[in-house]
Amino acid sequence: MTYVISSACIDVKDQSCVSVCPVDCIFSDEVDRMCYVHPTKCIDCAACESACPVGAIFKEDDVPNAASEFTSLNAQWFEEPEVVRARIDALVEQGLAIT
Ligand code: SF4
Ligand code: SF4
């Protein structure tokens, strides 16, 4: 199990979640439009969920259907960040319904 950051983080990225994560498993580079949770380092403590001002973070089982792609995007970012960045840009361009 892991927590997942979804589209509401895009272009907000205030990193409130980063400062409360006890295992430092939330990442983002300068060029990223959102943050990502490492899928195996997350200990499911839920601290980040309530810290997020835009409700972008969900327990994996509770990710809304409309945002289901973000479960894999969070994990993929640690392997192929440039692919995920391109996908985020494409989703925004398509007028992604922010979830
Ligand atoms: S659930 Fe806890 S361990 Fe997982 S990303 Fe959030 S704050 Fe970090
Ligand atoms: S607190 Fe929410 S909006 Fe801010 S960086 Fe974390 S997930 Fe994104």
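The values are calculated or read from the model by the stated rules, or taken from the named source; none is laboratory data. These numbers were taken from a predicted model, which means no experiment stands behind them. A quick note on method: Cβ atoms are made from the backbone with ideal geometry, for glycine too, and the neighbour counts reach across all protein chains shown.
Annotations for the structure displayed:
- Taken over region 1-24, residues that are under 11 Å from the mean Cα position of the chain (by Cα) and within 6 Å of ligand 1 (Cβ to nearest atom) amount to 1.
- The residue that is farthest from residue 26 (Cα to Cα), counting only those in region 53-99 that are in a loop (DSSP other than H, G, I, E, B), of a type in the set (Gly, Ala, Ser) and touching a helix residue (DSSP H, G or I) at 6+ places or on another chain (Cβ under 9 Å), is 97.
- The one condition in (1) of a type in the set (D, E, K, R); (2) more than 11 Å from ligand 2 (Cβ to nearest atom); (3) in contact with a Lys or Arg (Cβ under 9 Å, 6 or more places away or on another chain); (4) in a loop (DSSP other than H, G, I, E, B) that residue 32 fails to fulfil: (2)
- Residue 5, sole failed condition from (1) closer than 18 Å to residue 80 by Cβ; (2) modelled with pLDDT under 95: (2)
- Put simply, of 56, 66 the only residue that is at pLDDT below 95 and either under 20 Å from residue 94 (Cβ atoms) or within 13 Å of ligand 2 (Cβ to nearest atom) (or both) is 66.
- Residue 42 vs. criteria modelled with pLDDT of 95 or more, within 8 Å of ligand 1 (Cβ to nearest atom) and outside any loop (DSSP other than H, G, I, E, B): no
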